[in-house]
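No lab work stands behind these numbers, since they all come straight from the coordinates. The structure presented is a predicted model; accordingly, all values stated were derived computationally and were not measured. Counting neighbours? That spans all protein chains shown, and the Cβs are built from the backbone with ideal geometry, glycine included.
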Amino acid sequence: MQFNSMKLNPLFILIAFCLNFASSDSIAQETKGETLSGVVESVDGKKITVNHRRKSRTFTLHDKAKINYVSFLKAKEEIKPGFFIRAGVDSNGKCNQLWVTLPIPQENLKPSAKMLTMTPAELHKMADSNGDSELSYVEYATAIYRSPKHGPVGFGKADKDRSGTLNLKEFGPKLEGIKWYRISRKTPAQWHAQSDANSDGVLSKQEFVTFLGSTAHLDAFLKRTDKDRSGDISVEELAGFIDSILR
């Protein structure tokens, strides 16, 4: 029996494509990692256990891992229980990049009513607990913004002169990216009018994105804001959402 190679070629090509796709998908799954963040529970050599979302998770530092000690200033650069970390961990449990900060309060941080009306200079002075006109990461995370996952990276990007602290010139632009500060600069009615591109009196999903400034957690925020499930956001609903962030 003879086979017509010209007729079989497309079949061979399809099989090869499927096998290659499956192989690529497998590789992607193997290299997929995650970000762990929270307070360090224990350190055993290169093995670190962190309380991530109320669960103990252990990973191993890679031999060439990049460790960023955020705003340690005169403190010894080390990793100890009670310190906070953000770790990029691959599927094998190895960490190639790590951010470490000194201990900060663990409870959620909400701005006070007074803070909502303060200028950048006033907020900087308020948070500067040692009065040196600079904000360390601990001062910043204690009084202004607290997030083990996003805080260390954002602080490092704002620290333009790599001093380990934020002066007032660096602090001002950083504030603009903090949700509670940005939202508190206008009233709910002003935000609604500014975001209502077609002036129909409600915010569509895309107009709500304009208000938020990003699509991060969009569906959760929409569900939380659209109380009557109409698919649009009224001034009253936006005011309630803003109040939940600020209070």
- [ ] Tell me which of these residue 118 doesn't satisfy, since it passes every other one: (1) among the hydrophobic types (A, V, I, L, M, F, W, C); (2) touching a Gly at 6+ places or on another chain (Cβ under 6 Å); (3) farther than 30 Å from residue 88 by Cα.
- [x] (2)
Open item on the list: List the residue pairs whose Cβ atoms are under 8 Å apart, where the first residue sits in the stretch 65-83 and is of a type in the set (Phe, Trp, Tyr), the second is exposed (fewer than 13 other Cβ atoms within 10 Å of the Cβ), and the two are 6 or more positions apart or on different chains.
Closed with: 69/77
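Run down 143, 121 and say which single residue is among the aliphatic types (A, V, I, L, M), loosely packed, with under 13 Cβ neighbours inside 10 Å and touching a residue at least 12 places away in the same chain (Cβ under 8 Å).
121
Residues are listed down the side, and each one gets a yes or a no for (1) out of contact with any helix residue (DSSP H, G or I) (no Cβ under 7 Å at 6 or more places or on another chain); (2) surrounded by 14 or more Cβ atoms within 10 Å (Cβ to Cβ); (3) not hydrophobic (A, V, I, L, M, F, W, C):
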site: 171; (1), (2), (3): no, yes, no
site: 178; (1), (2), (3): yes, yes, no
site: 183; (1), (2), (3): no, yes, no
site: 186; (1), (2), (3): yes, no, yes
site: 192; (1), (2), (3): no, yes, yes
site: 199; (1), (2), (3): yes, no, yes
site: 204; (1), (2), (3): yes, yes, yes
site: 229; (1), (2), (3): yes, no, yes
site: 234; (1), (2), (3): yes, yes, yes
- [ ] Restrict the check to the stretch 155-164 and report whether at least one residue is charged (D, E, K, R) and surrounded by 14 or more Cβ atoms within 10 Å (Cβ to Cβ).
- [x] yes
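Keeping to the stretch 194-238, report how many residues are of a type in the set (S, T, N, Q), assigned to a loop (DSSP other than H, G, I, E, B) and closer than 15 Å to residue 183 by Cβ.
Result for the stretch 194-238: 1.
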Open item on the list: Looking only at the stretch 100-109, how many residues end up being surrounded by 11 or more Cβ atoms within 10 Å (Cβ to Cβ), out of contact with any Gly (no Cβ under 6 Å at 6 or more places or on another chain) and part of a loop (DSSP other than H, G, I, E, B)?
Closed with: 5
Open item on the list: Can you pull out every residue in the stretch 82-92 that is out of contact with any Gly (no Cβ under 6 Å at 6 or more places or on another chain) and surrounded by 13 or more Cβ atoms within 10 Å (Cβ to Cβ)?
Closed with: 83, 84, 85, 86, 87, 88
